[in-house]
Amino acid sequence: MTVEALMKQLFPAGHAVQIQGDILTGSAMTPKGTIAVMGTANHLAVGVETALALADFVLKVVREWPGRPILMLVDTQGQRLSKRDELLGINGYLAHLVKCLEMARLRGHRLLSLVYGEAVSGGFLSFGLMADEIHALPDAKVRVMNLPAMARITKLPLAMLEELSSASPSFAPGVENFLQLGGVCSIWSDMLSEQLANALGRQAAGDQRRQQGLQRLGRKLAHQVSQSVTACGPGDG
Amino acid sequence: MSDLSGRHRGHSYYEANARGRITHLLDAGSFREILGPTERLTSPHLELLGLPCAFDDGIVVGHGRIDGRQVLIASQEGGFMGGAVGEVHGAKLTGLLELAVQERPAAVLLLLESGGVRLHEANAGLIAISEIIRALLAARAAGIPVIGLIGGVYGCFGGMGIVARCCDSLIINEEGRLGLSGPDVIETTMGVEEFDAADRALVWRTVGGKHRLLLGEVQRLVEDDIAAFRSAALETLEQPIQDLSLEALEAEHQALSARLTDYGSCQDATEIWSQLGLHDPLQLPLLDIQSFLKATCKIGREGA
Amino acid sequence: MEHLRFEFKTPGNRPSGRASALVGVVSSGNLEVMVESTDLNEACQVEVNTSARGFAAIWQAVLTDFAERHDLAGLRISINDGGATPAVVSLRLDQAIEEFLGMSS
């Protein structure tokens, strides 16, 4: 779905979202009031400029509209792969965006994500994955790496990875796999504006992804392991 | 075997493994491991793929003391799958950061050595890194300083490069490398003309400890000696906590914007060093740490 | 992966050491060895998980040699192997016992 078509469905009451260089920023009307909207389009690879522009927007929202919910629309093929970005410290720029979003959350801004295109690795980590709730359209493409590339790098047979993918959601790309692992909260198939209003109406409840991964039997260990660690007082080591 | 700066001398951080680093960084005998190897919490995904597991899934976490002060510590084992983060590995680190909020140690020390997401369990690894980031920032928001140490063979890349820059403060040696996409990943994807990963001098001046210090991406550059990392960690503990306030992030925003304006068109680290006003930038990679710090002391160190 | 189990009858005394010790790292050509105390008084159990298939006889030989060099009653030894040579295996086994007995610095 194009971002324009998506926003038409998400915000029937209208929006003022600008698209500049595949970066989205602006606001939209919802039944729960005005929200801030930010994100990426056309599978944009997140480089230093992208991260800085999005962080700039988050800082502006926090300054000018305290408490306004922020919806992140995600379509990124990942981080930009270039020597120049590395030279400038791209990880620091992405971390800056992440910290700005956390600061917004700490100051009471609700953070929601909707993956409507691709959501890959570092690009996804730097904003979409920071939300209180991460939702996705059914045809969203969420991944770290496709199976042929994974087979090449891990030197494992592709047929073996394909076979295992039917048994475990941890290997193959796909929004259903991320749903099962708890990385995606729910899939929005239709009634997008209603889904958004419902999500805006819920309270943030901390990072629920490990519990969801366990309930959906996609990540059976993460919740238990982290709980075991937090249960260890200084004397129990 | 003692000196004024710490108890140990002459243990290379670069060459030590995850457990050796903890042993020599903390007060002798103070380390208490959580979910140690006898618990056998190995990766179920590697097992499925027929690959050897590690009893600690490549990360050691626990309690300890540094100069008498209670800390929580995590140490990634680069030798096992390049320190990459899988489901169990990530959950141990997330749990440790959540424990910090309950226990309020003097600091959390993260000995980072990782290529990022473990591709053999890629989806679980990516989510795990996002959970680490949230838990780390929650610990910081609760007022617990999180200090990152980087200096192993595998560097600190991928999602863990983002995790590193979410810390309050970073300590690195010259051998340490910090970035997002590793040079070999860029070369494989974009071609050797974009980044020649075999050109070691190019790699180190682009992502190595010296450049990271000059850029303000890390706060302390130390000798490759665990005792030097220990001293730097103790110094860092004396610093005021970096908060996550709007003002602090606006200041960071300005610094990062200025960096992009000033150096955004530079093709090589030496051009940046030259613009910083440093004499003889081509010589900087050759200097030992003390001479390097002396030659560059006029550069304001961000957040140091 | 190959999973191998060995048991050695060891009439000696149970060595007193730490509850457990771990040495080495699982990487290509390397291995980790974990030693734990058990209640088995006159036996030593060894469990090997190795990425290199078909070397059971060599493991048997290396471990028999190791068992003859040390007093191993009441120990459980667990190995994760990334394809180490017999020489590296022997070295790590000795290091693990030293660490277990608290002899290493």
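Things worth noting here:
- Inter-residue pairs, beta-carbon under 7 Å, first hydrophobic (A, V, I, L, M, F, W, C) and in the stretch B:247-265, second surrounded by 14 or more Cβ atoms within 10 Å (Cβ to Cβ) and assigned to a loop (DSSP other than H, G, I, E, B), 6+ apart: B:Ala248/B:Gln242; B:Ala255/B:Gly216; B:Ala255/B:Glu302; B:Leu260/A:Leu88
- Residue among C:Val62, C:Val89, C:Val46 that alone is under 30 Å from B:Gly50 (Cα atoms) and assigned to a strand (DSSP E or B): C:Val46
- Helices (runs of 4 or more DSSP H) within the stretch B:203-266 that include 2 or more residues out of contact with any Asp or Glu (no Cβ under 7 Å at 6 or more places or on another chain), modelled with pLDDT of 95 or more and closer than 28 Å to A:Ala53 by Cβ: B:209-215, B:246-263
- Condition check for A:Met103: closer than 17 Å to B:Leu137 by Cβ and either assigned to a strand (DSSP E or B) or among the polar types (S, T, N, Q) (or both): no
- Residue match in the stretch A:106-120 (condition: assigned to a helix (DSSP H, G or I) and at pLDDT 95 or above): yes
- Taken over the stretch A:96-132, the residue count meeting the criterion of being under 20 Å from A:Pro173 (Cα atoms) and either surrounded by fewer than 22 Cβ atoms within 10 Å (Cβ to Cβ) or not hydrophobic (A, V, I, L, M, F, W, C) (or both) is 9.
- Qualifying strands (runs of 3 or more DSSP E) (wholly inside the stretch B:62-164; at least 2 residues being of a type outside the set (Ser, Thr, Tyr) and more than 16 Å from the chain's Cα centre (by Cα)): B:69-76
- Residues of the stretch C:50-75 that are surrounded by fewer than 19 Cβ atoms within 10 Å (Cβ to Cβ) and either under 19 Å from B:Glu47 (Cβ atoms) or within 10 Å of another protein chain (Cβ to nearest Cβ) (or both): C:Ser51, C:Ala52, C:Arg53.
- Contacts under 6 angstrom Cβ, first residue in the stretch C:14-29 being facing another protein chain (nearest Cβ under 8 Å) and in contact (Cβ under 8 Å) with a residue 40 or more places away in the chain, partner polar (S, T, N, Q) and buried (at least 21 other Cβ atoms within 10 Å of the Cβ), 6 or more apart: C:Val26/C:Asn80
- Residue that is farthest from the other protein chains (Cβ to nearest Cβ) [pool: residues in the stretch B:186-209 that are β-branched (Val, Ile, Thr) and touching a residue at least 12 places away in the same chain (Cβ under 8 Å)]: B:Val203
- Subset of the stretch B:104-121 that is within 7 Å of chain A (Cβ to nearest Cβ) and in contact (Cβ under 8 Å) with a residue 40 or more places away in the chain - its residue that is surrounded by the fewest Cβ atoms within 10 Å (Cβ to Cβ): B:His120
- Residues (more than 11 Å from the chain's Cα centre (by Cα) and among the aromatic types (Phe, Trp, Tyr)) located in the stretch C:53-67: C:Phe55
- Meets criteria (in contact (Cβ under 8 Å) with a residue 60 or more places away in the chain and surrounded by 24 or more Cβ atoms within 10 Å (Cβ to Cβ)) for A:Leu71: yes
- Enumeration of residues in the stretch A:143-177 that are part of a helix (DSSP H, G or I), within 7 Å of another protein chain (Cβ to nearest Cβ) and over 16 Å from B:Val117 (Cα atoms): A:Leu164, A:Asn177
- The stretch A:178-209 - residue that is more than 7 Å from chain B (Cβ to nearest Cβ) and within 25 Å of B:Ile73 (Cα to Cα) and, of those, surrounded by the most Cβ atoms within 10 Å (Cβ to Cβ): A:Gln208
- Tallying residues that are over 19 Å from the mean Cα position of the chain (by Cα) and at negative phi within the stretch A:1-16 yields 9.
- Candidate set: the stretch B:210-244, residues that are within 14 Å of another protein chain (Cβ to nearest Cβ), closer than 20 Å to B:Leu278 by Cβ and in contact with a strand residue (DSSP E or B) (Cβ under 8 Å, 6 or more places away or on another chain); chosen: the one surrounded by the most Cβ atoms within 10 Å (Cβ to Cβ): B:Val218
The values are calculated or read from the model by the stated rules, or taken from the named source; none is laboratory data. Predicted model only: the values in this text are computed from it and were never measured. Cβ coordinates were reconstructed from backbone atoms using ideal geometry, including for glycine residues, and neighbour counts include every protein chain displayed.
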